[in-house]
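**Student:** Next up is a structure, given as structure tokens.
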Amino acid sequence: MQNDVSKLIIQSFAEIAKDKGIDKDLLLSILEDVFRTMIRKKYDSDEAFEVILNADRGEIQILHIREVVPADELTDPVTEITLEEAQKQDPDLELYDEYAQEISITDFGRRAVTMARQQLAQRIREIEKDNIFEDYSDRIGDIILGDVYQVRNNKDILVNHNGVELLLPKNEQIYKDRYRKGDTIRAVVVEVKRIGGNPTVIISRTSPMFLERLFENEIPEVFDGIIELVRIAREPGDRSKVAVQSHDERVDPVGACVGMKGIRIHAVVRELQNENIDVINYTPDKFEFIKRALQPARVLKVELTDDGKQANVLVPADEVSKAIGKGGVNIRLASKLAEVEIDVFREVEEEDDIDINEFEIDFGPETIALLHDIGCDSARAVLELDEEELVRRTEGKIDKEEAERIIDIIAYEFEDEQD
């Protein structure tokens, strides 16, 4: 019975430990700790006991070692045994010898054995949690491929990766993403933290790091370090700008990233739900870099403030919408990429136009600021738009009635000048 129980305990937990990647020596140390806890509960001390474990043979041996003493000198029955009692087991024993008696696991009782198994299971779970935390902490920045096994009501997604549960929060998903249970999902590990003692691995599809890793996967020159991704600015699902430079003058960084007929960049674009990606040649020349960052718009002139934090950019009148982009996405990304706040101004002939600031009394400073934000820094720039376009570009911050009033006032001003 002793051997059957010990083998069952060791074999079952050895298999679990193997599945969880737990070192055998660590498992044996845990087993010894658990059995010593059992001993202390029964005998108040484990000093007089030796625990011998043999994982290969599936054996546990617990020895109770006591000193043989005269009956009148017995003070502690846990560490001492009388000569009379000892000689019943081994007649050759003499006074002050050591007597080793094997203790059966079943002697501790069914409840103690059950508690020991529970304690072992708990210790293994704790080690497994520590292993997951350390493993995925080392994987931060790596792309993982997993399967969706639950989509929560709040749209957070739980992903199974090699038996480990990963979390893809809603705010780390591309807004165009639609996943169902069983779908394969690709994302980058961005954070590992403990919540309630349990490791929580956060993955992301919106992080610039995800875009960077996709470039490394699809473009060998990036993976090999020949091409460097200097800066990335991203609005997930809509548009990204990537500044690249080559460390080999024979390699064109933009061409290598885009690939023949765009085949390389298309693989990245498809993974990112058709996110538009502008690949730009990096230059340390801040003026030139701002021009490149505003692509596809053509920039005529760049003026920087003394602190280098603000840039006023002049573009042809018909290029303003390109410079700003739909919903302002192009100018926002260009500002992030160039690390400077960019304001776009259209090229106009002063005698043929009126600065929009001249209408502040009529429209108010907030409306003037909104018009500047959409690239309308002059009266004629506003007149080039109709009411619906004004409403759309300001995302409804200027309603249709106000848009009609703005256009009427500006148009009337030009009629007065002609009269």
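**Student:** Can you pull out the residues in the range 173-187 that are within 16 Å of G237 (Cα to Cα) and either touching a Phe, Trp or Tyr at 6+ places or on another chain (Cβ under 9 Å) or among the small types (G, A, S) (or both)?
**Tutor:** Listed by number, the residues that qualify are Q173, I185, R186, A187.
**Student:** Hey, another quick one. In the list E388, E358, E413, E404, which residue meets the criterion of being acidic (D, E), more than 37 Å from the chain's Cα centre (by Cα), over 27 Å from S240 (Cα atoms) and at pLDDT 90 or above?
**Tutor:** E404
**Student:** Out of (1) more than 30 Å from V242 (Cα to Cα); (2) among the acidic types (D, E); (3) in contact (Cβ under 8 Å) with a residue 60 or more places away in the chain, what's the single condition that is false for E395?
**Tutor:** (1)
**Student:** So, one more: Of everything in the range 359-389 that's β-branched (V, I, T) and part of a helix (DSSP H, G or I), which residue is nearest to S321 (Cα to Cα)?
**Tutor:** Step by step, filter the range 359-389, then rank; the result is V382.
**Student:** Tally the residues that are modelled with pLDDT of 90 or more and in a helix (DSSP H, G or I), restricting the search to the range 291-322.
**Tutor:** Number satisfying all stated conditions: 3.
**Student:** Go through (1) outside any strand (DSSP E or B); (2) within 30 Å of V68 (Cβ to Cβ) and name the single condition I140 misses.
**Tutor:** Failed condition: (2).
**Student:** Could you list, in sequence order, all residues of the range 64-106 that are crowded, with 17+ Cβ neighbours inside 10 Å and of a type in the set (K, R)?
**Tutor:** Residue satisfying the conditions is R66 alone.
**Student:** Can you pull out every residue in the range 247-292 that is aromatic (F, W, Y) and either within 24 Å of the chain's Cα centre (by Cα) or more than 22 Å from V315 (Cα to Cα) (or both)?
**Tutor:** Hits for the range 247-292: nothing passes.
Residue by residue, here is whether (1) over 22 Å from L28 (Cβ atoms); (2) touching a helix residue (DSSP H, G or I) at 6+ places or on another chain (Cβ under 8 Å) holds:
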site	(1), (2)
D44	yes, no
I65	no, no
V69	yes, yes
T82	yes, yes
Q89	yes, no
Y96	yes, no
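**Student:** What's the number of the condition F345 fails, among (1) open to solvent by less than 50 Å² (accessible area, probe 1.4 Å); (2) outside any helix (DSSP H, G or I)?
**Tutor:** The failed condition is (1).
**Student:** Name, by its number, the condition in (1) more than 21 Å from the chain's Cα centre (by Cα); (2) of a type in the set (G, A, S); (3) open to solvent by 60 Å² or more (accessible area, probe 1.4 Å) that does not hold for G163.
**Tutor:** Every listed condition holds for G163 apart from (1).
**Student:** Right, next: May I ask you to verify whether R123 is open to solvent by 50 Å² or more (accessible area, probe 1.4 Å) and assigned to a helix (DSSP H, G or I)?
**Tutor:** Considered against the rule, which asks whether it is open to solvent by 50 Å² or more (accessible area, probe 1.4 Å) and assigned to a helix (DSSP H, G or I), R123 comes out as yes.
**Student:** Residues of the range 128-160 being small (G, A, S) and either at negative phi or open to solvent by 50 Å² or more (accessible area, probe 1.4 Å) (or both), which ones?
**Tutor:** Within the range 128-160, S137, G146 qualify.
**Student:** Among the numbered criteria (1) among the aliphatic types (A, V, I, L, M); (2) touching a Leu at 6+ places or on another chain (Cβ under 8 Å); (3) in a helix (DSSP H, G or I), which one does I398 miss?
**Tutor:** I398 satisfies every listed condition except (3).
**Student:** Please name all residue pairs, on different chains or six or more residues apart, with Cβ atoms under 8 Å, provided the first residue is in the range 146-158 and is without any contact (Cβ under 8 Å) to a residue 12 or more places away in the chain and the second residue is of a type in the set (A, V, I, L, M, F, W, C) and open to solvent by less than 20 Å² (accessible area, probe 1.4 Å).
**Tutor:** From residues that are without any contact (Cβ under 8 Å) to a residue 12 or more places away in the chain, the pairs are R152/L158; L158/V148; L158/L166; L158/L168.
**Student:** So, one more: Looking at G396, G375, which one is of a type outside the set (A, V, I, L, M, F, W, C), at pLDDT below 85 and within 40 Å of the chain's Cα centre (by Cα)?
**Tutor:** G375
**Student:** How many of the residues in the range 257-273 are in contact with a Lys or Arg (Cβ under 8 Å, 6 or more places away or on another chain) and either over 18 Å from S204 (Cβ atoms) or modelled with pLDDT of 95 or more (or both)?
**Tutor:** Qualifying residue count, the range 257-273: 2.
**Student:** Under 9 Å between Cβ atoms, at least 6 apart or on separate chains: pull out the pairs that start in the range 92-119 with a residue that is under 14 Å from T37 (Cβ atoms) and end on any residue that is of a type in the set (S, T, N, Q) and modelled with pLDDT under 75.
**Tutor:** Sorted first by the residue in the range 92-119, then by its partner, the pairs are I105/Q2; I105/S6; V113/T106; R117/S12.
**Student:** If you don't mind, there's one more thing I want to ask. Out of the residues in the range 102-120 that are among the β-branched types (V, I, T), under 30 Å from A86 (Cβ atoms) and assigned to a helix (DSSP H, G or I), which is nearest to the chain's Cα centre (by Cα)?
**Tutor:** Out of the qualifying residues, it is V113.
**Student:** Kindly indicate the residue of the range 316-355 that is within 37 Å of the chain's Cα centre (by Cα) and acidic (D, E) and also farthest from A381 (Cα to Cα) among those meeting that condition.
**Tutor:** Among those that are within 37 Å of the chain's Cα centre (by Cα) and acidic (D, E), it is E339.
**Student:** Then there is this: Could you list all residues from the range 210-232 that are open to solvent by less than 50 Å² (accessible area, probe 1.4 Å) and more than 20 Å from R186 (Cα to Cα)?
**Tutor:** E221, G225, I227, L229, V230
**Student:** Report whether or not P284 is surrounded by fewer than 15 Cβ atoms within 10 Å (Cβ to Cβ), of a type outside the set (A, V, I, L, M, F, W, C) and closer than 29 Å to E341 by Cβ.
**Tutor:** Yes: the conditions hold for P284.
The values are calculated or read from the model by the stated rules, or taken from the named source; none is laboratory data. Note that the coordinates shown come from a computational prediction; the quantities given were computed from them, not determined experimentally. So basically every Cβ, Gly included, is an ideal-geometry build from the backbone, and we count neighbours across all protein chains shown. SASA here: full protein model, heavy atoms, side chains in, ligands and nucleic acids out. Shrake-Rupley method; radii C 1.70, N 1.55, O 1.52, S 1.80 Å.
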